Amino acid sequence: MNVKFYDKNLTKDYINFSKTKEFTTNSGIKLGDKQEQILNKLGKPRDQQEQNGTTAATYITEQNESRLLQEFDMPLYYEKFIFYSGVLKEYEFGFEYP
């Protein structure tokens, strides 16, 4: 299982939390959850790609949708869920800057 954080202003590469035994998002999503369960909870992703039994679903929150992003002048926050055979195995999240 793989959890990554990225913020180009903090680091040049991802911070990888792969030794983490358990990880739960603020919305209660955990590694090992089923794809259908997560998509039902979060709704339609901004982008979804499927290839060879792997699905990547990306959700984006833009600055005008979040008081936190506005307060800290961050343009957007993203979450990327990667499912293998319908089970969440990787989770990537972070901030993007122009």
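Each reported figure results from applying straightforward, stated rules to the coordinates on display, with no laboratory input. Values in this document were obtained by computation on a predicted structure and should not be read as measured data. Using ideal geometry, Cβ is built from the backbone for each residue, glycine included, and neighbour counts are taken over all protein chains shown.
Report whether or not GLU71 is among the acidic types (Asp, Glu) and within 22 Å of ASN40 (Cα to Cα).
Judged against the criteria, GLU71 is not a match.
Residues being over 16 Å from SER85 (Cβ atoms) and surrounded by 15 or more Cβ atoms within 10 Å (Cβ to Cβ): count how many of those fall in segment 32-59.
The qualifying residues number 4.
If you scan segment 60-91, which residues turn out to be out of contact with any helix residue (DSSP H, G or I) (no Cβ under 9 Å at 6 or more places or on another chain), more than 14 Å from GLN49 (Cα to Cα), surrounded by fewer than 18 Cβ atoms within 10 Å (Cβ to Cβ) and not small (Gly, Ala, Ser)?
ILE60, GLU65, ARG67, LEU68, GLU71, PHE72, TYR78, LYS89, GLU90
Give segment 55-68 a look and list any residue that's under 21 Å from THR24 (Cα atoms) and either in contact (Cβ under 8 Å) with a residue 40 or more places away in the chain or in contact with a strand residue (DSSP E or B) (Cβ under 6 Å, 6 or more places away or on another chain) (or both), or say none.
THR55, ALA56, ALA57, THR58, TYR59, ILE60, THR61
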